[in-house]
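Remarks on the structure that follows.
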Amino acid sequence: MRVLVVGAGGVGSAAAAIAARRSFFSRFVVADFDLSRAERAVADPRFVAAEVDAANSSDIADLCRAHEITHVLNAVDPRFVLPVFEGALAAGADYLDMAMSLSHPHPERPYEQCGEKLGDAQFARAGEWEKAGALALVGMGVEPGLSDVFARYAADELFDEIDEIGIRDGANLTVEGYDFAPSFSIWTTIEECLNPPVVYERERGWFTTAPFSEPEVFDFPEGIGPVECVNVEHEEVLLVPRWVEARRVTFKYGLGDDFISKLKTLHDLGLDRTEPLTVASDRGPAAVSPRDVVAAALPDPATLGERMHGKTCAGTWVTGTKDGARREVYLYHVVDNEWSMREYGSQAVVWQTAINPVAALELLATGAWSGTGVLGPEAFAPKPFLDLLVEYGSPWGIREQA
């Protein structure tokens with residue numbers, strides 16, 4: 001296996017650090033628009049740094065051919081999903097990402113009906129990937145990713161019939177010295193939190209609600225405790241129903257009142273917009289995206305690890321029946337920031353995201369996972385993945401909710 005990671009930010013660098021301890025590949029190219037950042041992620045002689053423009057599919061394809069790449073791991077933000085996806089296909093390489101192609105709200109009824117959904121643009125190309133005999137494994141981070149593996153495991157091993165699959169994400173992380181310092185890309189956070197959330201119901205299919213709808217308090221394990229969670233747009237709701245039978249699928253994120261208030265303020269001021277505005281300066285007018293300005297004004301999440309304290313939890317809550325009896329479980333994965341910083345030098349949220357595609361790459365390398373077309377994590381046997389996660393030194397848990 002010869003891997004190209006596109007993006008040497010927090011997640012891409014963490015993926016390189018995790019992969020450096022494994023032996024399933026012969027070459028690992030870390031590429032970024034900023035070559036110096038890629039060079040800092042190079043871990044051993046199997047690793048090579050390269051420069052690439054993630055917005056240019058030809059650039060991606062050329063780099064794949066130059067290094068005889070077999071698998072491309074997309075570690076840049078969702079704006080660049082399609083060019084990286086298309087570049088991998090053009091070069092005949094398999095592809096993995098951790099976030100899918102962007103959605104576009106319904107033009108007239110955004111909080112009732114779906115427009116273009118997350119991943120629609122990728123699934124529309126599934127026939128091309130199948131014809132090429134290549135695999136695009138989409139949504140293979142932690143959420144989406146591990147959460148989807150949990151959903152498939154619950155369906156295979158824990159339930160006969162499933163009523164609801166609800167992804168529930170919460171943390172007790174704090175960052176010293178900052179009143180507002182998101183632990184993940186603010187560009188992506190704005191996208192998923194301010195877009196209309198999607199809910200799936202078997203009788204209705206996919207539909208949307210207002211941002212931050214249906215608040216509930218969820219009790220997270222390992223000392224994190226109760227956190228208020230709200231509906232947020234996320235890939236699992238679009239992926240799970242394609243492979244797992246459930247009456248309802250939701251995604252709720254523990255954001256907190258202060259975080260929600262700040263996001264609403266950004267929206268009210270128009271600072272969540274991606275369309276460039278013309279800004280006057282001493283050097284003349286410049287076209288600037290308001291969301292890019294917000295991202296530039298905030299600290300890089302990859303640099304926050306030394307100031308962060310606490311734990312983050314990703315998990316899948318499932319209700320239904322087993323052997324005629326009601327059952328309710330929460331399958332979860334917790335990462336302590338102190339541990340991830342000590343062991344890998346990566347803060348908990350980016351490390352938790354990065355470990356999952358690396359484990360998936362190893363399963364593809366060994367043949368434990370295989371397939372063609374555009375597939376989500378639910379399309380694969382979950383147990384080999386969960387066993388490998390434990391082997392990587394990052395165990396998962398199940399809590400009965402009775």
Next on the checklist: Pairs please, first residue from the range 17-45 and touching a residue at least 60 places away in the same chain (Cβ under 8 Å) and within 18 Å of residue 361 (Cβ to Cβ), second anywhere and polar (S, T, N, Q) and assigned to a helix (DSSP H, G or I), Cβ atoms under 8 Å, 6+ apart in sequence or on different chains.
Outcome noted: 24/366
Checklist entry - Would the range 7-24 turn up any residue that is farther than 23 Å from residue 343 by Cβ and small (Gly, Ala, Ser)? => result no
Checklist entry - Taking the stated definitions as given, is residue 249 on the phi < 0 side of the Ramachandran plot and modelled with pLDDT of 95 or more? => result yes
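The rows are residues; the columns are (1) aromatic (Phe, Trp, Tyr); (2) more than 18 Å from the chain's Cα centre (by Cα); (3) surrounded by 21 or more Cβ atoms within 10 Å (Cβ to Cβ); (4) within 23 Å of residue 155 (Cα to Cα).
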position: 342; (1), (2), (3), (4): no, yes, no, no
position: 357; (1), (2), (3), (4): no, no, yes, yes
position: 360; (1), (2), (3), (4): no, no, yes, yes
position: 366; (1), (2), (3), (4): no, yes, no, no
position: 370; (1), (2), (3), (4): no, yes, no, yes
position: 378; (1), (2), (3), (4): no, no, yes, yes
position: 383; (1), (2), (3), (4): no, yes, no, yes
Checklist entry - For the range 359-402, which residues satisfy the criterion of being part of a loop (DSSP other than H, G, I, E, B), over 17 Å from residue 335 (Cβ atoms), touching a strand residue (DSSP E or B) at 6+ places or on another chain (Cβ under 9 Å) and modelled with pLDDT of 95 or more? => result 369, 370, 371, 372, 376, 380
Next on the checklist: I'd like to know if the range 54-64 contains one or more residues that are buried (at least 18 other Cβ atoms within 10 Å of the Cβ), touching a strand residue (DSSP E or B) at 6+ places or on another chain (Cβ under 9 Å), closer than 22 Å to residue 353 by Cα and touching a residue at least 24 places away in the same chain (Cβ under 8 Å).
Outcome noted: yes
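For (1) assigned by TED's automatic domain parsing to the domain that holds residue 180; (2) at pLDDT below 85; (3) closer than 29 Å to residue 224 by Cβ, each residue gets a yes or a no:
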{"site": "262", "(1), (2), (3)": "yes, no, yes"}
{"site": "267", "(1), (2), (3)": "yes, no, yes"}
{"site": "273", "(1), (2), (3)": "yes, no, no"}
{"site": "277", "(1), (2), (3)": "yes, no, no"}
{"site": "287", "(1), (2), (3)": "yes, no, no"}
{"site": "290", "(1), (2), (3)": "yes, no, no"}
{"site": "293", "(1), (2), (3)": "yes, no, no"}
{"site": "302", "(1), (2), (3)": "yes, yes, yes"}
{"site": "305", "(1), (2), (3)": "yes, yes, yes"}
Next on the checklist: For the structure I just gave you, tell me whether residue 109 is on the phi < 0 side of the Ramachandran plot and assigned to a loop (DSSP other than H, G, I, E, B).
Outcome noted: yes
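The values are calculated or read from the model by the stated rules, or taken from the named source; none is laboratory data. The structure displayed is predicted, hence computed values, not measured ones. Note: ideal-geometry Cβ built from the backbone for every residue, glycine included; neighbour counts use all protein chains shown.
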